[in-house]
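Please treat every number below as a calculation from the coordinates, not as lab data. The model shown is predicted, which means the values in this text are computed figures rather than measured ones. Every residue, glycine among them, receives a Cβ derived from its backbone with ideal geometry; neighbour counts consider all protein chains shown.
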């Protein structure tokens, strides 16, 4: 037990977050729980608005100001980020965990060059009296390790002088430079072209192997998640509906939502695509009482509408939040 | 005999920037579209796929080349084409957020083309607008709704209904679902496919998503920096992709099943950046990223070769009437392989 | 960067076009004044034949475009004609009065920028807490009060109730004499080694400068605050926060710069407009500036002076805008790129 | 209903906007009906009572009396109608004119007509507004109509700028492009497609500008170029009172406070509306 605890770098327990939207409360995250082991790649996959990014922001405690954490905790190396002292939180952000954003163009400050942003961040991550020269070298090394050529020129460049792929590489370099162990990647290739996305995903995988990192990969693309995670959580409307080893979940899906989602993805095999999932994502102001998927679920029974289903382990390491998990195909 | 409705020959569209640079957004593209079929046009950013769409609908005038639509050359008419021609070629735009005016109801948006093209009474227009909504599978209550209360998929369907208002024979779908979630995309696409059958529409389907293309197109054409690389019937295209860029593109697609993984023919690791369309490389446009490049690729622009009936490749590696490459494929550099999931 | 130079040259080219248009508008406006310009210039007692000679000499009996040609030909050489009020060349008047206004602008337009930024940043940092409420409330009240009302209030408060500051006006108390080097009294006094005179000049300056500075300083503070708050939600701030950079460093570096850039053009407009809009303050405080001169010229229908002064204001406005644009381009690569296209 | 509630929430998020609403509504009400409510309606015109000159504020004369023995409170309220008219007329003329210029230039962005229209706008903007207004007012008769004209001439370019900015960003919206492709005419595009999208920005600016136009009008009137005596105007009341300071401070202080409250009201209201409609501060 002690051994497995030590092996877990991040644990999210029953996290519930809502937002104050013009005086009304939007209940977004409802009891999110997952664990990330060291050197593991964990995926969060779901459609837009399901709370993937909110979950990542909660991990670093950088939620927007109108967010309210109702309950639950985020344990980074055993410490709750919501209860950490400011100093501890700063240390965790500086050397523990870092985030890669979906759109690298908006994640970099447009009026500062890469050097200013990179070195400032490094200055606080490294011991106080690290000479400027050393910081510079660390940055150059990091840019080199994300396979950006001509690093000195990149350092002097403003974001708009770089292509999307280069900006994303620079962001990755900033995230890994200070020796962070946990990388939170929020759709790191989505805003880029397919061939460039492929390069970025390969790069993250390569770095993960080389530097023994743990990765939380967030994406709306089942393909991306299948190809670059070991363990996956399927999210729907602020809840985790199914989780388990990636292969298990993808090839032996149990939750009605997972199945429906899979059938919607166009396949290279060209067997046509389904007609989609009926209905819409629920309104977070008045979320369904029971299972949040129940209004759209073809298998829903009375109980699904009234009571939230438990997250049950239906086979070793494969968890599903559905009363009828075994019966659905 | 299926009629050819659109014949694009050697289409060129250049833009002159105010700083004097010339952007060759589309540089000599040949395409044909037949009645009732779907031609898939695939490309990444800077490939000129949207520019082709905009020239076809008349937003831009072509710099050179011909677009023969049912016997008339509409390449250089721009917006001056006849009302009938405007009605015949319609478009659904990519961004569901901006394709409908947020201050006008769905009904008003639908009635605009009716008003211009049909000159019928107000009550007839309303009736027709309801009918259009029904066609795309939306309830008539949508007439009085504002776009902001609609989901992205619904907005795209309304755009579809609006495009159908003028009884087009060719619809240009400019990445109609790339901003949507897959479950919504499935809904919109299946509706569009049904409509195509019902109305015998021809689609020019533009996208960057090859998996989607596999499921909707009869033929596929790949664009890179304003030039066509490869064009083939869909099944053949995915079985025998020939152009090095096509192969790179195919192997870059993240796929959701192991079955599809098998479909990825050769593992060609994606390398390099897409050059800016301002500086298209000399010779073959792809030579900066091509693993198999030869000296000739740096100097001479390749021409289209028909390797088998209907399958065209624009690459120095190939000759007419044969799948055989001139040069064997290079090995992937060791040590840079993707860590396969165990 | 060669492109920056090109951009500036292009802006200057356009500035010339705008100035030409401005001169035409002003010239025709001044020529449609009812009454004979020659008679107005010479006064009612001068005999008709002298007026006729004058008319001939000034080309007043030629068609308007020809008159404009002669006038603009003079303007290019710096000759705006003679003022009918002071009876001196307008250019000489301008030279004399501009320095007093320039000194006022430095203290009322440029110095307060620092306070505007400070208050804006404070407001954003303490959003919806008492420092923010205090700053916002006072800014509303200050902006809602016209400059001339401030001038009157100050006269009342400091001139009569609390006579610690000179309120009779002028730039110096009688008895001090400072030779003009730069035209800026405080600086000149220091150059001449008279700290007492410099202090006296500063006291004279303080009330008009404050009255002029208050509304636009508070306006700039509010704009800075609102941009700060808008940018706070941007991804790049979340990104740098998630990297563990301390809040105060983010505020004064990564948040301030992008938030200040859009306010710079507003500050430029403010500075340019102080030159012209200071006339009530200059009149109330008896400040011998260009703006008061303009008011007198307008009231006295002194055509040459009005045209000259308005052209001067136009030049100041345009140059300030170009300068502001250059500053914005230096600070913001995005503007640099969009302007070069 | 839901939308109304949300809008009110956004508007009243800053409580101070509600104060603005109250001030502005009170001002408009008094502008219409003040004449019938003030204690001494006859004092608004050329009334003289030398037995009651320069009385300090009291319960009988809330703001004291002026050198003619007229009740200053009544005269302040009496001046509201012209003050309001100044703001309304200037904005009702300059906003549409500016909109048309801006929308045509913005729609034809990059074409010669854009350059011509926007350069003309620039020329007007480069003239210091007060100087231009003064010049116009001095060339013409000094009265309320001409001062309104003068302010209008310098005000429309700001609306041209605003509409130009909005239009040139809407220009690339797909629904505008679609309307063109479908063959819609320019008036349809301008009034049915673009105008509804500009309206919230224009209305917000109009409310905010109300205060500034009133300041400008008061400034002109202070300089003697507005409404002429014996009719009351806030600016001229202040300027004629200055020479009696500090002894008869009430001559100037009360009109000054009145201006302040009116402008404050519209500024707060404008900010509330801009919060509600989500338009950025200009």
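Of note:
- Among A:53, A:120, A:190, residue whose mean-square fluctuation peaks in a GNM of chain A (springs only between Cα atoms under 10 Å): A:120
- Against the compact-protein benchmark of 2.2 N^0.38 Å, the Cα-based radius of gyration of segment D:100-259 scales to 1.37.
- DSSP-defined beta bridges in the protein assembly as shown - what % are antiparallel, rounded to 5: 65
- Among beta bridges from DSSP that stay inside chain A, the antiparallel ones total about 65%.
- Debye equation applied to the C-alpha atoms of segment D:28-69, log10 I(q)/I(0) at 0.17, 0.30, 0.34 Å⁻¹: -0.51, -1.06, -1.14
- Neighbour counts of C-beta atoms inside 10 Å place B:273, C:48 in the sequence C:48, B:273, starting with the fewest.
- Counting only Cα atoms, the size of segment B:1-42 along its three principal axes is 49, 18, 12 Å, in decreasing order.
- What separates the Cα centres of segment D:225-252 and segment C:44-85 is a distance of 39 Å.
- Computed over segment A:3-327, Kirkwood Rh from alpha-carbon pairs, angstrom: 20.8
- Segment C:300-341: translational diffusion in µm²/s, Stokes-Einstein, Kirkwood Rh over Cα pairs, 10 °C, 1.306 mPa s: 131
- Ascending count of other beta-carbon atoms within 10 Å, so fewest first, for A:240, C:135: C:135, A:240
- Kirkwood radius, segment C:62-158, all distinct C-alpha pairs, inverse of mean reciprocal distance: 18.0 Å.
- Computed log₁₀ I(q)/I(0) - Debye formula, equal Cα scatterers, no solvent, segment B:188-249, q 0.22, 0.25 Å⁻¹: -0.93, -1.10
- Counting only DSSP H runs of at least 4 residues, each contributing -39500 (n - 2.57), and dividing by the residue count of chain A, the helix-based mean residue ellipticity at 222 nm comes to -10000 deg cm²/dmol.
- Translational D in µm²/s for segment C:58-111 (Stokes-Einstein at 25 °C, 0.890 mPa s, Kirkwood Rh from C-alpha pairs): 186
- Global form of chain C, assessed from the alpha-carbon gyration tensor, a/c cut-off 1.5: oblate
- Helix B:182-199 and the longest principal axis of the C-alpha atoms of chain B enclose an angle of approximately 70°.
- GNM top mover of B:207, B:303, B:82 - chain B, alpha-carbon springs below 10 Å: B:82
- Taken over segment D:10-278, the alpha-carbon convex hull comes to 141 cubic angstrom per residue.
- Scaling the Cα radius of gyration of segment B:222-331 by the globular reference 2.2 N^0.38 Å produces a ratio of 1.05.
- Between 0 and 90°, nearest 10: helix B:122-135 axis offset from chain B longest Cα axis: 40
- Share of alpha-carbon pairs per 5 Å distance bin for segment C:101-258, given as whole %: 2, 9, 14, 15, 14, 12, 10, 9, 7, 5, 3, 1, 0
- For the protein assembly as shown, the calculated P(r) over all alpha carbon pairs, in 20 Å bins from 0 to the bin holding the longest distance, is 9, 32, 34, 19, 6, 0 percent.
- Dividing the convex hull volume of the alpha-carbon atoms in segment A:243-326 by its residue count gives 108 Å³ per residue.
- The shape of segment A:195-234 comes out oblate: with a ≥ b ≥ c from the C-alpha gyration tensor, a/c is at least 1.5 while a/b does not beat b/c.
- Chain B - Kirkwood radius from inverse mean 1/r over Cα pairs (Å): 21.4
- Rg and Dmax [Cα atoms of segment A:1-119; Å; Rg one decimal, Dmax integer]: 15.7, 49
- Distance between the C-alpha centres of segment C:112-129 and segment D:78-116: 33 Å, rounded to the whole angstrom.
- Largest GNM mean-square fluctuation across C:38, C:198, C:124, computed for chain C with C-alpha springs under 10 Å, falls on C:38.
- Percent antiparallel among DSSP beta bridges (both partners in chain B, rounded to 5): 60
- The alpha carbon centroids of segment A:255-329 and segment B:106-168 are separated by 33 Å.
- Fewest neighbouring Cβ atoms within 10 Å first, the residues B:311, B:118 line up as B:118, B:311.
- Gyration tensor verdict on segment B:139-221 (Cα atoms; rounded if a/c is under 1.5, prolate if a/b is larger than b/c, oblate otherwise): oblate
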